[in-house]
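Q: Attaching a single structure in structure tokens format; questions to follow.
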Amino acid sequence: MDPRAKSLTRNEGGVRPWSAPAEALLSTADGVRLHAAYSPPRTPGAEVAVVLAHGFSGAVERPAVRRAAALLTGYAGVVTFSFRGHGRSAGLSTVGDREVLDVQAAVAWARSLGYRRVVTLGFSMGGAVVLRHAALHQGVDAVAAVSAPARWYYRGTVPMRRLHWVVMRPLGRVVGRVGLRTRIDPQEWPQPPLPPVAAAALLPALGIPLLVVHGDTDPYFPLDHPRSLYEAAGPDHAELWIEAGFGHAENSAPDALIERVGEWLAGAR
């Protein structure tokens, strides 16, 4: 049975969030089927759901994503999903463009599970996507972007030059499919999507608070990226955490940092 069909149970307080783990196949607005999973909160009475958007080559079943989701259940219900072209989801990765539709499908599922407040948390590519989603689709109560780029086509580090080879070259896409289990669309963007920094600049007018988190040893994106995101949103609407010794995205994020981000998201207004 689709868990959405039985997720809304009512009590005197109104709608109570669904209280058991669930899996679902979600459908995006452009018809891509996504594998998604739900973990209920360990905190009684939690009324917020975190939609967790993984980084490039991640997936629902990856250990780093499962660890982050388990830690976040101390503060909220958690919806994880595999982006198109990743894991058990269908489609091809567009590396940050049409993935906003994937986030929108996951946010809609979280709402259907009975949550009054839904927030998004993205790592690396997922961080860029949740910023763009909030600016373009709205409908979320807060956003946290961890290890996210501020702009497209950045090639200033060796890991990013390697990633561009994987995405842009035919042999690289074979490596992505076989080695990273990520299926990449061979078609280039018809036009560059809204950059993450431009999306961040739109959030204050929408009343969506933003948390930007970055490690000072991130090998992919230097510190001008998180600082640009923070400055675009402004100090009245955003927070910036530069974390000593933290590398990149969900694979490197310490447990304590994920828990701090969960606490911030649960309390963001």
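The values are calculated or read from the model by the stated rules, or taken from the named source; none is laboratory data. Keep in mind the model is a prediction, meaning the values are calculated, not measured. Here the Cβ positions follow ideal geometry from the backbone for every residue, glycine too, while neighbour counts run over all protein chains shown. For the accessible areas, the whole protein counts, side chains as well, though only heavy atoms, and no ligand, DNA or RNA atoms are used. Shrake-Rupley method; radii C 1.70, N 1.55, O 1.52, S 1.80 Å.
Q: List the residues whose amide H sits under 5 Å from the amide H of Ala53, counting only those 5 or more places along or on another chain, with H placed 1.01 Å from N in the peptide plane.
A: Counting only residues 5 or more places away or on other chains, the set is Leu121, Gly122, Phe123.
Q: Let me ask another. Apply the Karplus curve 6.51 cos²θ - 1.76 cosθ + 1.60, θ = phi - 60°, to the phi angles in the stretch 242-251 and return the couplings in whole Hz, x for Gly and Pro.
A: 9, 9, 5, x, 7, x, 9, 6, 5, 5
Q: Given H placed on each backbone N at 1.01 Å, which residues far from Val48 in sequence or on other chains put an amide H within less than 5 Å of it?
A: Amide H neighbours of Val48, under 5 Å, 5+ apart: Gly77.
Q: With log10 I(q)/I(0) by the Debye sum over Cα atoms at q = 0.07, 0.12, 0.13, 0.15 Å⁻¹ defined as stated, name the option among (1) -0.25, -0.75, -0.88, -1.15; (2) -0.22, -0.66, -0.78, -1.05; (3) -0.31, -0.86, -0.98, -1.18 computed from the structure displayed.
A: Structure-derived value, by its label: (2).
Q: Net charge near Tyr154, counting Lys/Arg +1 and Asp/Glu -1 over other residues with Cβ under 13 Å of its Cβ?
A: Working: positive: Arg151, Arg155, Arg161, Arg162; negative: Asp218, Asp224.
Once positives and negatives cancel, what remains is +2.
Q: Do the sum for the chain: with -39,500 (n - 2.57) for every DSSP H run of n ≥ 4, divided by all residues, what is the mean residue ellipticity at 222 nm, to the nearest 500 deg cm²/dmol? Mind dumping the intermediate values first?
A: Values: 9 runs with 95 residues, N = 269.
Calculated at 222 nm, the ellipticity per residue is -10500 deg cm²/dmol.
Q: What angle do you read, to the nearest 10 degrees and between 0 and 90, between the alpha-carbon axis of helix 196-206 and the longest principal axis of the chain?
A: Around 30 degrees separate the two axes.
Q: Another one. List every residue whose amide H lies under 5 Å from the amide H of Glu239, counting only residues 5 or more places away in sequence or on a different chain, with H placed 1.01 Å from N in the peptide plane.
A: Leu210, Leu211, Val212
Q: Below 8 Å between Cα atoms, with a sequence gap of 6+, how large is the relative contact order for the stretch 8-96 in percent? Mind dumping the intermediate values first?
A: Working: 167 pairs, mean separation 26.2, N = 89.
Worked out over the stretch 8-96, it gives 29 percent.
Q: Based on the mean of other beta carbon atoms within 10 Å per residue, what is the order of 38-50, 116-128, most packed first? Don't skip to the answer; put the middle values down first.
A: Values: 38-50: 19.2, 116-128: 27.0.
By packing density, highest mean first, the sequence is 116-128, 38-50.
Q: Computed FRET efficiency, Cβ-Cβ of Gln138 and Ser112, R0 22 Å: what is it to the nearest 0.05?
A: Between Gln138 and Ser112 the formula returns 0.80.
Q: On a 0 to 90° scale, report how tilted helix 170-179 is relative to the longest principal axis of the chain, with both axes built from alpha carbons and the result rounded to the nearest 10.
A: So the helix axis and the longest Cα principal axis differ by about 40 degrees.
Q: Which percent, nearest 5, of DSSP beta bridges in the chain are antiparallel? Show your work: numbers first, answer last.
A: Details: 14 of 39 bridges.
DSSP beta bridges in the chain are roughly 35 percent antiparallel.
Q: Between Arg227 and Asp255, what is the spin-label point distance in nm, taking each point 7 Å from the Cα along the Cα→C-beta axis?
A: 3.4
Q: Evaluate E = 1/(1 + (r/R0)^6) for Tyr153 and Val175, where r is the Cβ-Cβ distance and R0 equals 22 Å; express this FRET efficiency to the nearest 0.05.
A: Working: r = 20 Å, r/R0 = 0.91.
E between Tyr153 and Val175, to the nearest 0.05, is 0.65.
Q: Within the accessible area of the chain, what % is carbon and sulfur when the probe is 1.4 Å and the other protein chains stay in place? Spell out each step's value before the answer.
A: Values: 6120 of 11540 Å².
Carbon and sulfur together cover 53 percent of it.
Q: Report, in degrees rounded to the nearest 10, the 0 to 90 angle that the Cα long axis of helix 255-267 makes with the longest principal axis of the chain.
A: That works out to roughly 60 degrees.
Q: Rounded to whole Hz and in sequence order, give me ³J(HN,Hα) for the stretch 151-160 from the Karplus expression 6.51 cos²θ - 1.76 cosθ + 1.60, θ = phi - 60°, writing x for Gly and Pro.
A: Going residue by residue, I get 8, 7, 6, 6, 10, x, 10, 4, x, 6 Hz, with x marking Gly and Pro.
Q: Arrange the peptides 220-226, 238-244 so that the one whose residues have, on average, the most other Cβ atoms within 10 Å appears first. If you can, show how the numbers build up before the last one.
A: Details: 220-226: 19.7, 238-244: 16.3.
Result, highest mean first: 220-226, 238-244.
Q: If you don't mind, another one. Would you mind getting the accessible area per residue of the chain, heavy atoms of the protein chains only, 1.4 Å probe, in Å²? Please list the in-between numbers first.
A: Working: 11540 Å² over 269 residues.
Using a 1.4 Å probe on heavy atoms only, each residue of the chain averages 43 Å².
Q: In terms of solvent-accessible area of protein heavy atoms at a 1.4 angstrom probe, what is the ranking of Trp165, Trp152, highest value first?
A: Values: Trp165 105, Trp152 40 Å².
I get Trp165, Trp152, largest accessible area first.
Q: Shifting gears a bit: Report ³J(HN,Hα) in whole Hz for each residue of the stretch 48-55, in order, from the Karplus equation J = 6.51 cos²θ - 1.76 cosθ + 1.60 where θ = phi - 60°; Gly and Pro get x.
A: Whole-Hz 3J(HN,Hα) from phi for the stretch 48-55: 10, 10, 9, 9, 9, 10, 6, x.
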